[in-house]
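Here is the structure we will look at.
The values are calculated or read from the model by the stated rules, or taken from the named source; none is laboratory data. In this text, all values refer to a predicted model and were calculated from it rather than measured experimentally. No Cβ is skipped: glycine too gets one built from the backbone with ideal geometry, and neighbour counts run over all protein chains shown. Heavy atoms of the whole protein, side chains included, go into the accessibility calculation; ligands, DNA and RNA do not. Shrake-Rupley method; radii C 1.70, N 1.55, O 1.52, S 1.80 Å.
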Amino acid sequence: AQTVTQSQPEMSVQEAETVTLSCTYDTSENNYYLFWYKQPPSRQMILVIRQEAYKQQNATENRFSVNFQKAAKSFSLKISDSQLGDTAMYFCAFISGGGADGLTFGKGTHLIIQP
Amino acid sequence: AAGVIQSPRHLIKEKRETATLKCYPIPRHDTVYWYQQGPGQDPQFLISFYEKMQSDKGSIPDRFSAQQFSDYHSELNMSSLELGDSALYFCASSLKVRTSGRAVHNEQFFGPGTRLTVL
């Protein structure tokens with residue numbers, strides 16, 4: 001079974017700063033997908049970024065980028081120029097490319113952006 | 001753009017009662033997923049359906065059952081409710097692409113959730 005570990009329960013940074021959220025995972029598979037989801041106080045789950053394991057290039061979405069280290073099984077999220085609206089729980093998630101459907105989530109990191 | 005619709009948004013039940021949660025996926029999406037998120041917890045995968053057939057099963061209790069109908073909407077039926085069933089229940093949908101026998105997992109779009117409180 002796959003496991004996803006987020007070692008930072010809570011982080012706090014000033015607005016406009018850059019912050020990196022860490023995520024490590026454990027799997028014996030070679031084909032899989034990794035995601036970062038954001039859950040603001042509204043509790044809506046919003047996809048931030050997606051990475052396919054067989055792609056070496058790190059995914060980027062505007063101010064959000066990842067550092068995907070496949071050998072180290074690490075998938076960190078970098079948020080540049082952080083904004084107050086980035087305050088939320090951030091979940092790292094894994095899904096197998098072998099047919100299983102369910103996302104396996106980490107415990108989450110509560111990110112607080114201070115004005 | 002149309003999103004995933006869940007109803008009801010809030011539900012209060014007594015112990016040992018039954019509850020039915022409904023999910024309407026994004027049009028043309030072929031896969032529906034159900035997740036349970038307890039207070040302060042990460043979402044846990046319960047069950048999924050692809051083209052109206054059960055596709056994958058996670059940590060769904062035997063007291064729960066689900067199905068997907070011909071119009072692709074899905075229902076999660078929960079019986080003999082327990083206090084520990086109080087949680088936020090998410091439905092998600094996606095368009096699953098299969099390439100050379102390999103599933104390509106596109107984004108799972110989540111609905112707003114149904115908050116179930118069992119008293």
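The table that follows gives values for the structure above.
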item	result
Strands (runs of 3 or more DSSP E) lying entirely in segment B:52-119 (those with 2 or more residues that are modelled with pLDDT under 90 and aliphatic (A, V, I, L, M))	B:102-104
Filtered residues of segment A:73-106 (kept if small (G, A, S), touching a residue at least 40 places away in the same chain (Cβ under 8 Å) and in a loop (DSSP other than H, G, I, E, B))	A:S80, A:S82, A:G97, A:G98, A:G106
Answer from B:D62, B:D71, B:D42 - the residue that is among the acidic types (D, E), open to solvent by less than 60 Å² (accessible area, probe 1.4 Å) and without any contact (Cβ under 8 Å) to a residue 12 or more places away in the chain	B:D42
Boolean, A:D81 is more than 14 Å from chain B (Cβ to nearest Cβ) and open to solvent by 60 Å² or more (accessible area, probe 1.4 Å)	yes
Strands (runs of 3 or more DSSP E) wholly inside segment A:1-56 that include at least 2 residues being over 14 Å from the mean Cα position of the chain (by Cα)	A:10-14
Of the criteria (1) in contact with an Asp or Glu (Cβ under 6 Å, 6 or more places away or on another chain); (2) closer than 18 Å to A:T24 by Cα; (3) polar (S, T, N, Q), which one A:Q69 fails	(1)
Options B:R115, B:R16, B:R9: the member that is open to solvent by 10 Å² or more (accessible area, probe 1.4 Å), touching a residue at least 12 places away in the same chain (Cβ under 8 Å), basic (K, R) and at the interface with chain A (Cβ under 9 Å from one of its Cβ atoms)	B:R115
Exclusive hit being buried (at least 17 other Cβ atoms within 10 Å of the Cβ) and modelled with pLDDT under 95, set A:A59, A:A71, A:A93, A:A88	A:A59
